[in-house]
Amino acid sequence: MTERRDKPSFASLFNRARAEAEGKASISPAPNAEPAPVRSTEAPPPVEPRRDEWAYEAMQFLVDPARVRIWPGNARIYEDLDPDNCRDLIQSIATEGMQKVAAIVRPVFDDALYEYEVIAGTRRHYAVSHLRATSMPSLRFLIQVEILDDEAAFRLADLENRARKDVSDIERARNYAAALHDHYDGHLTRMAERLALSKSWLSKMIRVSALPDQLLAAFGSPSDLHLKPAYTLAQKLDGPAGPVIMATAIQIARAQMARRADGLPPYTAAEVLRQLNEASSPASEHPAELRGPTGRLAMSANANKNSLTLKLHAGSGVTRKAITEAVRAALDAAEAKGFSLGLSSRDDDSD
């Protein structure tokens, strides 16, 4: 780890800030000055806090958010934040003229660009940064500094995220999977005990964390998929229906992309789950479907290993591009069920 030798230690900053907050900032004595005698009737000097006690000293500062990085161990994905999903917080801070609740950070010693990193308060960091860049350039980021190792930082961030509805089950599941490896050496029981969580529930979260991105793309947003149905899908993916489920998910994802291109809302999570569950049933005879903006049927498909039947329905309002994508996806799903056109390459784009 590279030491930042050009900056004072955090201990000296801590003590100075505490003294200034109490209005007792002292002036350093001259190098050759004799120390003042201490009378026995005076109170003893304050005891330097031990390193493991600093976390309990509420040290709050207002800083430039550009001096603060995001700790990668948090479940929330900073890159997924935008003015829309942070709108409520941005408006609240703008109305109040300041950030009311401090973000929890810890000092950074190995990076010349940053002083702190956010352990809990990622949305607050984004909101303040956004307002500084757009309408409130003098706004500062309210932080509370604590000394935490990685495992303690993870537990603190997890406690805060449990109360946040905007942290999806998928985000938390992947965060738990990473923490299991990084902080608990793969010991699920130890991790469950440290987090005060049920081992069986945590095991399900770890299982869900392995769901592939291709399947998640079938949903309008990963936050639409909750733990219970996600765990069911994870179990089915490991069985004989796995390839069919993945092929159907790819088909739905293509249809979702076409809907976005047409300015339409995505299929709901309930509809996506219905199609995936039907695809995983060997006796399923339900066709794959594409519907238009009003819900009118545009295309339906039935497939088995011997045939693929496509029906295009008039008056649906769906574009030719959406139909083309849906046909290609239906062919992918049919091939997953054993259907084959006998072509030399299924990736031939000359058709």
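Data for the structure
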read-out: Answer from Ala112, Ala94, Ala133, Ala179 - the residue that is within 23 Å of Arg69 (Cα to Cα), open to solvent by less than 10 Å² (accessible area, probe 1.4 Å) and either touching a Leu at 6+ places or on another chain (Cβ under 8 Å) or of a type in the set (Gly, Ala, Ser) (or both); value: Ala179
read-out: Number of positions in the stretch 186-207 that are within 19 Å of Pro229 (Cβ to Cβ) and of a type in the set (A, V, I, L, M); value: 3
read-out: Neighbours by Cβ (under 7 Å, 6+ apart or cross-chain): first from the stretch 181-192, more than 11 Å from Glu151 (Cα to Cα); second of a type in the set (Phe, Trp, Tyr) and part of a loop (DSSP other than H, G, I, E, B); value: Arg190/Tyr184
read-out: Hits in the stretch 238-256 (condition: closer than 18 Å to Ala269 by Cα and open to solvent by 40 Å² or more (accessible area, probe 1.4 Å)); value: Ile250, Arg254
read-out: Number of the condition not met by Glu325 [criteria: (1) in contact (Cβ under 8 Å) with a residue 12 or more places away in the chain; (2) farther than 17 Å from Ala217 by Cβ]; value: (2)
read-out: Looking only at the stretch 149-175, and only at residues there that are open to solvent by 30 Å² or more (accessible area, probe 1.4 Å) and not in a helix (DSSP H, G or I), the one that is farthest from Gly121 (Cα to Cα); value: Asp149
read-out: Number of positions in the stretch 130-148 that are in a helix (DSSP H, G or I) and not aliphatic (A, V, I, L, M); value: 3
read-out: Tally of residues being of a type in the set (A, V, I, L, M) and surrounded by fewer than 15 Cβ atoms within 10 Å (Cβ to Cβ) across the stretch 257-272; value: 2
read-out: Selection from the stretch 245-271 of residues that are β-branched (Val, Ile, Thr) and closer than 10 Å to Leu215 by Cβ; value: Ile245, Thr248, Ile250, Ile252
read-out: The stretch 97-107 - residue that is of a type in the set (Val, Ile, Thr) and open to solvent by 10 Å² or more (accessible area, probe 1.4 Å) and, of those, farthest from Val68 (Cα to Cα); value: Val101
read-out: Yes/no for Glu117 being open to solvent by less than 20 Å² (accessible area, probe 1.4 Å) and over 14 Å from the mean Cα position of the chain (by Cα); value: yes
read-out: Matching residues, the stretch 291-328, being hydroxyl-bearing (Ser, Thr, Tyr) and either in a loop (DSSP other than H, G, I, E, B) or on the phi > 0 side of the Ramachandran plot (or both); value: Thr294, Ser307, Ser316, Thr319
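The values are calculated or read from the model by the stated rules, or taken from the named source; none is laboratory data. Remember, it's a predicted structure, so these values are computed and weren't measured experimentally. Cβ: placed from backbone, ideal geometry, glycine included. Neighbour counts: every protein chain shown. Ligands, DNA and RNA are excluded from the accessible area calculation, which covers all protein heavy atoms including side chains. Shrake-Rupley method; radii C 1.70, N 1.55, O 1.52, S 1.80 Å.
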